[in-house]
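Reviewing the structure listed below.
The values are calculated or read from the model by the stated rules, or taken from the named source; none is laboratory data. All of these numbers come straight from a predicted model, not from anything done at the bench. Backbone-built Cβ (ideal geometry, glycine too); neighbour counts: all protein chains shown.
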Amino acid sequence: MDINNMGMTLTHEHIMSNFGANVNDASNYNEAAAFKQIIPYLKNLKDKGIHTIFDCTTAFFGRRVDLLKKISEATGIQIVTNTGYYGAANDNYIPEFAYNESVEAISKKWISEFENGIDSTNIKPGFIKLAFDAGMPSEIDKKLFEAGVLTHKKTGLTLAVHTAENIEAIEAQLNLLEKHHVRYDALIWVHANKIENTAYLLEQASKGLWISLDGVTASNTNHYITILKEFKSKKLLHKILISHDGNSFPRGQKIRPYDAIPDVLIPEILTAGFTENDINQLLVENPKNAFSNQ
């Protein structure tokens with residue numbers, strides 16, 4: 001996909017996932033039921049102007065690139081999948097072999113997906129998805145992050161890391177970036193919206209870090225508008241990504257919506273002093289710049 005053809009983009013959603021299922025069952029779906037629920041929803045999103053979705057469901061957590069391809073072809077939505085492993089959820093979705101393998105060996109698996117394709121397909125990842133649990137970063141979370149850094153250095157893929165309000169985790173990540181001489185703009189701080197100290201987010205954004213506000217719902221847009229106003233006032237709107245962390249087939253249950261940005265947030269920020277150029281910055285230009293290979 002030509003990055004200039006991304007159009008309006010949601011950078012953190014789940015087309016489908018099996019969060020809460022056993023890791024051995026995480027990739028099993030009722031395909032007919034999934035397609036019946038997902039395809040109309042994505043067609044409706046496309047009608048609302050969404051052209052591209054970054055799917056954040058990882059391997060061992062429900063990633064099925066064969067199904068994503070069929071859904072993309074049926075809806076016209078461009079779907080970008082990932083490489084990496086999900087280290088949050090008390091490490092339930094980290095494969096056992098990762099504990100014993102070296103950082104380099106794990107990285108080679110992810111680089112191979114980028115160079116050769118995922119699961120014997122020609123589908124390749126467009127970013128690296130990782131995650132940290134709450135509290136002091138564990139050795140496995142740091143190990144996977146360092147493997148991600150090595151993968152980035154070889155492939156240019158951006159690191160999107162579930163970190164939320166864990167300041168210790170973000171600082172460990174930044175230390176590892178510095179250790180490997182990687183720029184801060186290779187990293188997206190996922191779920192940064194959970195941080196109450198906006199000044200800290202502004203500080204990290206000013207250093208180059210991408211700040212992902214990915215919990216937008218129809219009922220909390222005022223909170224996001226407040227943060228966006230602060231970033232705009234500091235001329236840092238170009239470092240923000242916004243999304244919902246929705247799911248159109250969560251363990252086969254009803255949709256966790258991800259249409260509040262086109263339906264609610266965009267109209268509201270236009271009445272709050274933002275411009276069409278600001279919307280284009282947030283939803284078109286920033287995703288292009290955040291995920292461009294570096």
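What to note about this one:
- Whichever residue in the stretch 237-294 is hydroxyl-bearing (Ser, Thr, Tyr) and out of contact with any helix residue (DSSP H, G or I) (no Cβ under 8 Å at 6 or more places or on another chain) and, among such residues, is nearest to LEU67 (Cα to Cα): THR275
- Just one residue in the set LYS194, LYS179 is of a type in the set (Lys, Arg), more than 26 Å from ASN277 (Cβ to Cβ) and under 18 Å from the mean Cα position of the chain (by Cα); that residue is LYS194.
- Taking the stretch 93-120 as the range and being surrounded by fewer than 14 Cβ atoms within 10 Å (Cβ to Cβ) and not hydrophobic (A, V, I, L, M, F, W, C) as the test, the residues that pass are PRO95, GLU96, TYR99, ASN100, SER102, GLU104, SER112, GLU115, ASN116, ASP119, SER120.
- Note on the stretch 197-243: among residues that are among the hydroxyl-bearing types (Ser, Thr, Tyr) and within 17 Å of the chain's Cα centre (by Cα), the one that is nearest to ASN166 (Cα to Cα) is SER212.
- Complete set of residues in the stretch 14-31 that are loosely packed, with under 12 Cβ neighbours inside 10 Å, at pLDDT below 90 and either at negative phi or charged (D, E, K, R) (or both): ASN22, ASN24, ASP25
- Residues in the stretch 244-260 that are more than 18 Å from HIS162 (Cβ to Cβ) and either hydrophobic (A, V, I, L, M, F, W, C) or surrounded by fewer than 21 Cβ atoms within 10 Å (Cβ to Cβ) (or both): PHE249, ARG251, GLY252, GLN253, LYS254, ILE255, PRO257, ASP259, ALA260.
- Boolean, GLY208 is modelled with pLDDT of 95 or more, in contact with a Phe, Trp or Tyr (Cβ under 6 Å, 6 or more places away or on another chain) and surrounded by fewer than 16 Cβ atoms within 10 Å (Cβ to Cβ): yes
- In this structure, LYS142 does not satisfy being surrounded by fewer than 22 Cβ atoms within 10 Å (Cβ to Cβ), of a type outside the set (Gly, Ala, Ser) and in contact with an Asp or Glu (Cβ under 9 Å, 6 or more places away or on another chain).
- Restricting the stretch 78-119 to residues that are of a type in the set (Phe, Trp, Tyr) and more than 20 Å from ASP25 (Cβ to Cβ), the residue that is farthest from the chain's Cα centre (by Cα): TYR99
- Just one of the listed residues (ASN100, ASN116, ASN82, ASN90) is at pLDDT below 95 and not acidic (Asp, Glu), and it is ASN90.
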